[in-house]
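Beneath this line is the structure, given in structure tokens, with notes to follow.
The values are calculated or read from the model by the stated rules, or taken from the named source; none is laboratory data. Computed from a predicted model, the values in this text were never measured in an experiment. Quick reminder, even Gly has a Cβ in these numbers, built from the backbone with ideal geometry, and neighbours come from all protein chains shown.
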């Protein structure tokens, strides 16, 4: 390589790293630094006000022996079991609905996507009123059908399903757009060939659409899983973890220990438990996707 080309390449590399340096420094200080610091705090008894005291594995022993923590884990899993499949099914149905070459279909796509750009706090407040057992719109509509609506957010049985409904309504439009992009990448010739072979609309969806969008379904399942295991805003605004801790989740318990009880050690220990859980579940999903995801 000539000296001129070497200088040009060196200049290019220096310029590239010059632009990357602010981002790299920010990541190291505000992300990597915070991760390392929180990991150290998870082995300490620290209330922010007084100096930290090293306590070893005491925080981790607490989370494994705490009935409230395992109640939060169970509630988080309950939410995930309802939220993940419903989000996938509803978003796919919406994508199939708006994947039509009809006049004005863009309006429906926009309407379905609008909840995504709405604040989760605002959505949670509005649905808290809608789910009100006495003057809420949902129970009023049910009464018109002759159905007595439940207490929803005041009921240990119905509070979590209500939160699932709100969460699916909020995010279905986001996953719909992703599915819509996948559907529009399917060659029309495949549907024509299936129709010639006698496949009806349902069979085309089952044997053509579903296998070809399986990579997208896998991606959405990963996103839904991480979102479900980190649920916080809806629970904090709508129920505060109640009634009787029936909706308390891991993230809400982390928040309470960190910012209400000032137990930073326990909070960071639970945060690392949640991180490990998300990592393990994600790895299991990547391992299992070989059985049902079809690429190419």
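Tell me which helices (runs of 4 or more DSSP H) are completely within segment 185-236 and hold 1 or more residues being within 30 Å of residue 274 (Cβ to Cβ) and in contact (Cβ under 8 Å) with a residue 60 or more places away in the chain, or say none if there are none.
Values: elements: 188-196, 201-204, 214-229.
The helices (runs of 4 or more DSSP H) meeting that bar are 214-229.
Which count do you get for residues in segment 44-58 that are touching a strand residue (DSSP E or B) at 6+ places or on another chain (Cβ under 8 Å) and either closer than 18 Å to residue 261 by Cβ or modelled with pLDDT under 90 (or both)? Before the answer, list the steps.
Filtering segment 44-58 down to residues touching a strand residue (DSSP E or B) at 6+ places or on another chain (Cβ under 8 Å) leaves 44-46, 52-55, 58.
Adding the requirement that they be either closer than 18 Å to residue 261 by Cβ or modelled with pLDDT under 90 (or both) leaves 44-46, 52-53, 55, 58.
Qualifying residue count, segment 44-58: 7.
Output the residues belonging to segment 230-259 that are under 14 Å from residue 164 (Cβ atoms) and surrounded by 19 or more Cβ atoms within 10 Å (Cβ to Cβ).
Listed by number, the residues that qualify are 231, 234, 235, 238, 239, 247, 249.
For segment 14-33, check the following and say yes or no: at least one residue is assigned to a helix (DSSP H, G or I), under 30 Å from the mean Cα position of the chain (by Cα), exposed (fewer than 11 other Cβ atoms within 10 Å of the Cβ) and modelled with pLDDT of 90 or more.
no
So in segment 275-296, with the set limited to residues that are free of Cβ contacts under 8 Å to residues at least 24 places away in the same chain and under 15 Å from the mean Cα position of the chain (by Cα), which one is surrounded by the fewest Cβ atoms within 10 Å (Cβ to Cβ)?
Ranking the candidates gives 279 first.
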